[in-house]
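S.K.: Got a structure for you, questions after.
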Amino acid sequence: MIFNAAGEGADTVRQMAYAEAAPLTEVKKFTCMVMEARHFEGEYGMLTPKAKGEQRLFCAPWNRMAEVGVVEEKEGEDSGAAVTRLIEKIKPFLEFSIDRNNVTASFSHTVVTPKKDFGRGQEGSNSLILTEFENMVTVVGGGWKNYRQRAEKAMTAAIDAGLVYKKSCSTMFMSIARNHHFDPEALDKGLADGKDVTAQVVEYAQYCLEHEFASCADDVLFRRLRIGQMSAAVTEKLRPEVEKVFA
């Protein structure tokens, strides 16, 4: 059997099973930007009022920086243009002027939800678990906060369809392993504070390659560390040294 949890690639997997399968997913991309936190001191964030037809904007402290978002990317629009729109949208809510020079980095994230034609099911308004094509369980939508719950419901759907046997769960009480050799948060903090921790980052990248299946520099700079999302300038300075680890 197949668990299809391929995100924006879910329809591609479905069409491997049945070429004429109607599209199930809707894919939207959203852009956030990161700024230095000097204008956003304290532990509080900001959420703009809800306006009809408009997305709420937010500004929140994050890793000693300030994350501002979010705008939906228009079709064919690059992230730079989306950042410019985000700046213009957030300006009326700020007591100070900002421009592209205040932005240290930006990033996009993808949100996948089931099309309304398929209804919204077991997981709520933005997600769906669907048993189809005799041996496939497709999982679409949802968030990280209920990831485990959705995995359990997908397994239950497979059991109910007779695709797998029911047995005890070996991971029910398993804790997430913590790296006791390196502290990624401390590395991010040092980089955000302007400290030269390049040697420590390279050592961490080597550890990730040997013990955590890291596959490239971005796998370390953007996934295991957050500096890739915090500062484009610092990331590009680190990249050549980290890439040597994966050469």
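The values are calculated or read from the model by the stated rules, or taken from the named source; none is laboratory data. Quick caveat: nothing in here was measured; it's all calculated off a predicted structure. So basically every Cβ, Gly included, is an ideal-geometry build from the backbone, and we count neighbours across all protein chains shown. Areas reflect the complete protein model, heavy atoms only, side chains present, ligands, DNA and RNA absent. Shrake-Rupley method; radii C 1.70, N 1.55, O 1.52, S 1.80 Å.
S.K.: Out of (1) under 14 Å from GLU241 (Cβ atoms); (2) buried (at least 17 other Cβ atoms within 10 Å of the Cβ), the odd one out for GLN206 is which?
M.R.: The single condition GLN206 does not satisfy is (2).
S.K.: Let me ask another. Name the one entry in GLY69, GLY76 that is open to solvent by less than 30 Å² (accessible area, probe 1.4 Å) and not in a helix (DSSP H, G or I).
M.R.: Details: GLY76 fails: open to solvent by less than 30 Å² (accessible area, probe 1.4 Å).
Only one candidate passes the filter, namely GLY69.
S.K.: In the list ALA81, ALA157, which residue meets the criterion of being modelled with pLDDT of 90 or more, loosely packed, with under 15 Cβ neighbours inside 10 Å, part of a helix (DSSP H, G or I) and of a type outside the set (D, E, K, R)? Walk me through how you get there before you give the answer.
M.R.: On the way: ALA157 fails: loosely packed, with under 15 Cβ neighbours inside 10 Å.
After applying the criteria, what remains is ALA81.
S.K.: Which one of these is within 27 Å of ARG148 (Cβ to Cβ), exposed (fewer than 14 other Cβ atoms within 10 Å of the Cβ) and either at pLDDT below 95 or in contact with a strand residue (DSSP E or B) (Cβ under 9 Å, 6 or more places away or on another chain) (or both): PHE213, PHE222? Don't jump to the end; show me each part of the working.
M.R.: Numbers: PHE222 fails: exposed (fewer than 14 other Cβ atoms within 10 Å of the Cβ).
Just a single option satisfies the conditions, and that option is PHE213.
S.K.: Among the numbered criteria (1) at pLDDT 90 or above; (2) out of contact with any helix residue (DSSP H, G or I) (no Cβ under 7 Å at 6 or more places or on another chain); (3) open to solvent by 100 Å² or more (accessible area, probe 1.4 Å), which one does SER168 miss?
M.R.: Failing condition for SER168: (1).
S.K.: Scan the range 3-39 residue by residue and report those that are open to solvent by less than 70 Å² (accessible area, probe 1.4 Å) and either part of a strand (DSSP E or B) or polar (S, T, N, Q) (or both).
M.R.: Correct list: ASN4, THR25, GLU26, VAL27, PHE30, THR31, CYS32, MET33, VAL34, MET35.
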